[in-house]
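Throughout, read-outs are computed from the coordinates displayed, never taken from laboratory work. No experiment lies behind these values; they were computed from the predicted model shown. FYI the Cβ positions are ideal-geometry reconstructions off the backbone, even for glycines, and counts take in every protein chain you see.
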Amino acid sequence: MSQTVEMIKKLRDLTGLGVIDCKKALEKAGNDFDKALSMLKEQGIKIAEKKTERVTKEGLVGSYIHSNGKIGVLVEITCESDFVARTDDFKELVKNICLQIAATAPEYVSKGQVPADVVEEKKKSYKDIEDFYKEKVLFCQSFIRDDSLTVEEYVKSKIAKLGENINITRFTRYQIGE
């Protein structure tokens, strides 16, 4: 197999986009793999942003109980159709988000959910409010399975791959002793 075919396959595996999209990006990037990957990620973000207004009434409630039985998570993730909700990619997303929440204990899904009074209070104790967001807002956290992505970027990559809007509606994290 040629190196170009291998690069196209690797781009497809990393982005979930079609072979033709990966080939075109590689051609535009002059066979520079990293540049092509960056272009495809940007394309995926644009695709995801176009879908944000679409209604999500299907989806799954995911759960996770840590092996020691002391941490548990429930998360509701919605999409546009039950067809997508049944795919392995969507189920993987739900599982990964459950693991993320169990491991990092966020308090909010997005910055927009943080009440203004909490932001004002945290400005007193955090030198940079972005540090608070990275710690306590799920979408701002580094994704535990690939720290080159935020959770929001990971979700957007799934939106681009699955072709539907996806929302993390709500979650609850339980920990013994809290």
Compute the separation of the alpha-carbon centres of the stretch 131-178 and the stretch 69-113 and state it in Å as a whole number. 8
Would you work out the relative contact order for the chain, in percent, from Cα pairs under 8 angstrom that are 6 or more residues apart? 27
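Just add up the charged neighbours of PRO106: K/R +1, D/E -1, any other residue whose Cβ is under 13 Å from the Cβ of PRO106.
That works out to +2.
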Divide by every residue of the chain the summed helix terms, -39500 (n - 2.57) for each DSSP H run of at least 4, and state the resulting mean residue ellipticity at 222 nm, rounded to the nearest 500 deg cm²/dmol. -16000 deg cm²/dmol
Once the dipole of the chain is set up from charges on Cβ (+1 Lys and Arg, -1 Asp and Glu), the residue from the list THR169, LEU138, THR4 lying farthest towards its positive end is THR4
Report for the chain the percent antiparallel among DSSP-assigned beta bridges with both residues inside it, nearest 5. 95
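Can you tell me the dipole magnitude for the chain around its Cα centre, using point charges on the Cβ only (Lys, Arg +1; Asp, Glu -1), in Debye to the nearest 20? Don't skip to the answer; put the middle values down first.
Details: 30 positive and 30 negative charges, 47 e Å.
Dipole size: approximately 220 debye.
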Which FRET efficiency, nearest 0.05, do SER67 and ILE129 yield, Cβ-Cβ r, R0 35 Å? 0.50
